[in-house]
Amino acid sequence: MEPEKACSQDLSQIIKFAKLDELLDLSRANSLWPLTFGLACCAIEMMAAGASRFDLSRFGAEVFRPSPRQADVMIVAGTINKKMAPAVKTLYDQMLEPKWVIAMGNCAISGGPFVYPGQYAVIEGVDKLFPVDVFIPGCPPRPEALIEGILKLEEKLTGKRRWPTVTPQ
Amino acid sequence: MSAPEVIPASDKPCETFVLNVGPQHPATHGVLRLKLTMDGEYIMRAEPVCGYIHRMHEKMGENRTWAQFLPNTGRIDYLAAMAYNHAYVAAVERAAKIAVPPRAEYIRVITTELNRISSHLVWFGAFLLDLGGFTPLLYAFDDREQILDMLEAVTGSRLTYCYYRFGGVCNDVDADFIRGCRDFVARLRPRLKMYRTLVTDNIILRKRLEGIGFISQEMCRKYGATGPVIRGSGVAYDVRKIEPYSVYREFDFDIPTFPEGDCMARYLVRMEEMAQSLRIIEQAVDKLPDGPVLSSGVPRVLKPPAGDYCFAVEAARGRFLVRIVSDNKEIPYRVRLRTPCFSNLSLFEEATAGMMLPDALAVLGSLDLVIPDIDR
Amino acid sequence: MVDYAGRGFHLNVCVWPDRVVAAAELLDRNGFALDAVTGMDWIAENEMEVVYDYFHPADSCRVVVRTRVPRSKPEVPTISQVYPGANWHERETHEFFGIVFLGHPNLTPLLLPEDATYHPLRKDFVA
């Protein structure tokens with residue numbers, strides 16, 4: 001075998017060509033930095049997802065950043081009321097592009113159990129304030145559901161799912 | 001015991017500035033906001049601003065039936081939801097004169113105490129996170145998941161329980177749960193010892209907490225602070241002992257108190273309380289009687305006789321009082337929730353005057369706040 | 001005196017609105033701690049009720065002090081100089097019921113937005 005040819009074969013093992021956009025998407029999807037932003041009950045499940053058993057860092061999304069300038073995904077974990085809404089909107093505006101939003105739990109989706117005719121305090125869904133990419137239902141959703149939500153967001157970014165899905169028997 | 005010496009802020013008139021902490025800040029455990037008037041590194045006035053997670057629980061009590069309000073009680077203090085379930089259910093039982101079978105009372109005690117431990121474990125992890133130590137959180141959540149597995153098996157949820165019913169509980173516990181309880185008691189005892197060597201005896205922790213954030217007995221009384229806060233000031237006030245409810249009279253357990261009144265005392269109270277809860281669980285599992293878990297004579301449509309009724313329980317953060325007012329209809333006339341964190345936080349302004357900023361955040365952590373519990 | 005097992009408190013006291021401070025001082029001298037202050041809207045009788053709960057840190061003794069004021073002029077003197085913990089409870093009762101606590105140092109909304117002028121726990125409240 002000629003040396004040049006062997007060399008190029010080896011190189012093809014380690015060099016891949018792709019569009020820069022795709023590479024950027026892949027790296028973004030692999031290192032989502034969520035905003036440390038707990039509102040209510042769902043925030044505890046968010047903490048549990050980051051802690052020992054569920055270990056969110058397996059998917060590269062454990063780098064919770066308290067500053068919106070450093071975060072690129074906002075996990076809205078809890079009820080937003082009318083007093084809090086301007087603060088949440090400010091946080092979203094302070095995040096740098098590109099940015100994504102996960103609405104975790106029924107309160108962030110629609111106001112959840114706190115909605116009744118004539119209610120005076122709760123914002124009925126975070127999508128009334130800014131666009132949402134992934135909705136995770138539950139009251140509160142399990143940590144696995146949050147992880148699945150993050151995988152769905154990765155899928156949205158890269159266009160394909162990188163992790164296997166489990167189909168129920 | 002006199003107040004530990006606080007370094008006084010300078011008397012000279014100087015420039016102050018306002019520092020805003022929250023409503024989104026990792027040290028405030030949720031959406032509490034603190035308006036701090038600072039003189040350099042010293043706090044002149046710390047004013048908590050609440051209401052960022054006000055969820056209308058009391059108003060919702062007035063427009064749904066007695067039973068429909070049950071899920072709300074799991075979402076006030078979501079870390080110790082069982083005790084809140086218990087207080088509301090027991091208040092309605094008191095009003096409607098519903099008897100609870102003994103097995104159900106024992107199950108209530110076991111689940112409440114398990115929930116108290118899981119709540120204290122979250123506090124333990126989060127408090128040390130505030131002080132700059134990340135590792136204990138991972139240990140604490142590891143233990144907590146064991147409790148959540150057991151509670152999930154009987155209640156169906158991990159966090160926001162709605163397990164108690166008027167006249168008992170909705171599911172009976174099985175042999176797996178009993179075995180799980182015994183295993184867990186055997187598991188946590190050595191772990192608590194390990195927490196002692198790993199964290200409690202740590203010199204950095206002691207320097208951060210000892211002599212910091214003195215709260216006197218008188219201050220607790222004037223502000224109505226309860227739970228580990230008042231016990232950390234040396235008052236053995238515990239609703240389980242002073243106004244015994246359910247079957248707590250039948251168990252042998254101590255009320256840990258520490259007279260120092262500083263952050264370390266409140267820390268030690270909670271650590272010791274976990275050991276006492278283990279003792280209660282152990283005894284309750286041994287004594288668990290047979291029989292039904294739900295009283296059979298509860299009417300489907302509940303209309304308690306008119307009047308007002310109270311029920312207080314010892315939740316993980318202190319005294320939780322439910323006052324229900326009935327006008328003999330299917331819907332409560334008024335549900336008043338007196339939550340422990342509300343009173344515990346109200347003394348924050350007085351307790352932190354003249355303190356340095358990082359110490360004030362240690363005090364905030366030692367109060368163990370759950371913000372929806374304050375705002376309701 | 002009421003039946004504790006049936007109601008959940010030992011002593012139920014009804015006083016005139018101008019005596020709540022005296023009642024608070026008496027309980028303070030006897031070592032009671034403030035539990036809560038709350039309101040109740042009795043719209044049928046056209047009255048507002050203010051309920052003060054006290055507990056004793058060393059004894060099993062719970063005292064409830066009640067007072068009623070007309071709905072058209074709901075004014076009660078503040079007890080926040082006796083029990084500083086009443087400060088927040090009274091602010092909360094004020095914002096939810098519109099009951100005015102005379103002499104209160106800072107009667108601004110606590111849980112509702114800063115500019116809220118509505119009183120949601122009144123029975124005739126419509127959002």
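The values are calculated or read from the model by the stated rules, or taken from the named source; none is laboratory data. On a predicted model such as this, the values are computed, not experimentally measured, just so you know. A quick note on method: Cβ atoms are made from the backbone with ideal geometry, for glycine too, and the neighbour counts reach across all protein chains shown. Ligands, DNA and RNA are stripped out before the accessible areas are found, and what is left, the full protein with its side chains, is counted by its heavy atoms. Shrake-Rupley method; radii C 1.70, N 1.55, O 1.52, S 1.80 Å.
Worth pointing out:
- From the list B:323, B:279, the one residue that fits, being at pLDDT 90 or above and part of a helix (DSSP H, G or I), is B:279.
- Per the listing A:72, A:10, the residue uniquely more than 30 Å from residue B:52 (Cβ to Cβ) and of a type in the set (Asp, Glu) is A:10.
- Some residue of the stretch A:63-83 being open to solvent by 40 Å² or more (accessible area, probe 1.4 Å), under 17 Å from the mean Cα position of the chain (by Cα) and away from chain B (no Cβ under 11 Å): yes
- The stretch B:233-265 - residue that is in contact (Cβ under 8 Å) with a residue 60 or more places away in the chain and under 23 Å from residue B:359 (Cβ atoms) and, of those, surrounded by the fewest Cβ atoms within 10 Å (Cβ to Cβ): B:259
- Residue match in the stretch B:12-22 (condition: open to solvent by 10 Å² or more (accessible area, probe 1.4 Å), within 23 Å of the chain's Cα centre (by Cα) and away from chain C (no Cβ under 14 Å)): yes
- Breaking point among (1) at pLDDT below 90; (2) away from chain C (no Cβ under 14 Å); (3) buried (at least 16 other Cβ atoms within 10 Å of the Cβ), for residue A:135: (1)
- Considering the stretch B:48-71, and only residues there that are within 12 Å of another protein chain (Cβ to nearest Cβ) and closer than 22 Å to residue C:8 by Cα, the residue that is most open to solvent (accessible area, probe 1.4 Å) turns out to be B:62.
- Qualifying residue in the stretch C:82-94 (condition: surrounded by fewer than 18 Cβ atoms within 10 Å (Cβ to Cβ), among the aromatic types (Phe, Trp, Tyr) and within 11 Å of chain B (Cβ to nearest Cβ)): no
This table checks each residue for (1) within 14 Å of chain A (Cβ to nearest Cβ); (2) free of Cβ contacts under 8 Å to residues at least 12 places away in the same chain.
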| position | (1), (2) |
| --- | --- |
| B:169 | no, no |
| B:177 | no, no |
| B:182 | no, no |
| B:191 | yes, no |
| B:203 | no, yes |
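- Selection status of residue C:102, surrounded by 14 or more Cβ atoms within 10 Å (Cβ to Cβ) and either under 17 Å from residue C:41 (Cβ atoms) or more than 10 Å from chain B (Cβ to nearest Cβ) (or both): no
- The requirement of being at the interface with chain B (Cβ under 10 Å from one of its Cβ atoms), of a type in the set (Phe, Trp, Tyr) and buried (at least 20 other Cβ atoms within 10 Å of the Cβ) is fulfilled somewhere in the stretch A:37-48, by at least one residue.
- All conditions but one from (1) open to solvent by less than 10 Å² (accessible area, probe 1.4 Å); (2) under 21 Å from the mean Cα position of the chain (by Cα) apply to residue B:104; the one that does not is (2).
- Residue match in the stretch A:112-123 (condition: polar (S, T, N, Q) and either more than 8 Å from chain B (Cβ to nearest Cβ) or touching a residue at least 40 places away in the same chain (Cβ under 8 Å) (or both)): no
Conditions (1) surrounded by 15 or more Cβ atoms within 10 Å (Cβ to Cβ); (2) under 25 Å from residue B:218 (Cβ atoms), marked per residue:
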{"site": "C:49", "(1), (2)": "yes, no"}
{"site": "C:55", "(1), (2)": "yes, yes"}
{"site": "C:67", "(1), (2)": "yes, no"}
{"site": "C:72", "(1), (2)": "no, no"}
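- When residue B:87 is tested against (1) open to solvent by less than 10 Å² (accessible area, probe 1.4 Å); (2) away from chain A (no Cβ under 14 Å); (3) outside any helix (DSSP H, G or I), exactly one condition is not met: (3).
- Residue satisfying condition, being buried (at least 24 other Cβ atoms within 10 Å of the Cβ) and over 18 Å from residue B:31 (Cα atoms), within set B:350, B:314, B:330: B:314
- Candidates B:156, B:168, filtered to the one that is more than 18 Å from the chain's Cα centre (by Cα), on the phi > 0 side of the Ramachandran plot and surrounded by fewer than 23 Cβ atoms within 10 Å (Cβ to Cβ): B:156
- Which numbered condition residue C:38 misses (of (1) within 22 Å of residue B:340 (Cα to Cα); (2) open to solvent by less than 10 Å² (accessible area, probe 1.4 Å); (3) more than 10 Å from chain B (Cβ to nearest Cβ); (4) of a type in the set (S, T, N, Q)): (3)
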